[in-house]
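Encoded as structure tokens, the structure appears first; notes follow it.
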Amino acid sequence: MHATPVALSPARSRAEKILAVIAIAVGTTSLIITSILQWMLQPAGPRPTAVDAAEQFPAAWLLVALLSVCGTLCWIGGIPSAIRLAPNRGGVLALIGGTITGAGLAAGIGHLALYFGFSSAVAASGVNDDAREALSTAGDGDALGNLLLVVFLVAFSLGPVILTIGLRIAGAVPVWVPVAALVTAGASFFGGPVAGIVQLVSLVLVWAPMAVAILRPQPAALGVSKAGAAAMS
């Protein structure tokens, strides 16, 4: 007996693609918005810290925290559909890159929750300046938070590069998309507004073509549908 290929219904397949694109759009948009908001939040003081920003701009800080954590969480939902853009050629690279990207985003959720939550908690505690400085120093040296940060930076830099190379081999994205992924990865390790702007622009150039490719009908999927229909007839 031979197994009959089963194709997803067009409505379900379309719904999954739309949800994946929404997840990617929410993730990238949240990163862009939170990056710009953090550039704008400049607390007063000789040596301003994240705790100072949380204390002086509590509403904006909470908004940035929610957008950062929830946006990153949504982003993960679009990764499986991006991987499926390479069912054959480039599939192994896409799977590896997508998995690394997803792991990086998951680590990012943990890091962001710790970072924003700790800063808000210290700001709301009302402790004196000496205690605040001691707590901030302890938070900066926290092993778990630093580990999550390193995993996020490395995985979210390397993962999209491997993923887009796999998708390029599969012919799902233009040739400049892996280049944009490399630029995004390089810019993430440099500080300053110029590097930040370059990173955000290249980020869009990486994920927007992926979203478009997800919505585009896939020849492999059409082939499976035809094979399933022929087997049932």
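So the values come out like this:
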read-out	value
Any hit, segment 34-52, residues being touching a residue at least 60 places away in the same chain (Cβ under 8 Å), open to solvent by less than 10 Å² (accessible area, probe 1.4 Å) and assigned to a helix (DSSP H, G or I)	yes
Qualifying positions in segment 82-95 - open to solvent by less than 80 Å² (accessible area, probe 1.4 Å) and in a helix (DSSP H, G or I)	A82, I83, G91, L93, A94
Yes/no for S13 being part of a helix (DSSP H, G or I), modelled with pLDDT under 95 and surrounded by fewer than 16 Cβ atoms within 10 Å (Cβ to Cβ)	yes
Considering residues of segment 96-122 that are within 27 Å of P43 (Cα to Cα) and aliphatic (A, V, I, L, M) only, the residue least open to solvent (accessible area, probe 1.4 Å)	V122
Residues of segment 70-81 classified as part of a helix (DSSP H, G or I) and open to solvent by 40 Å² or more (accessible area, probe 1.4 Å), total	5
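The values are calculated or read from the model by the stated rules, or taken from the named source; none is laboratory data. These numbers come from a predicted model, not from an experiment. In this analysis, Cβ positions are derived from the backbone assuming ideal geometry, glycine residues included, and neighbour counts consider all displayed protein chains. Note: accessible area is taken over every heavy atom of the protein model, side chains too, but ligands, DNA and RNA are not part of it. Shrake-Rupley method; radii C 1.70, N 1.55, O 1.52, S 1.80 Å.
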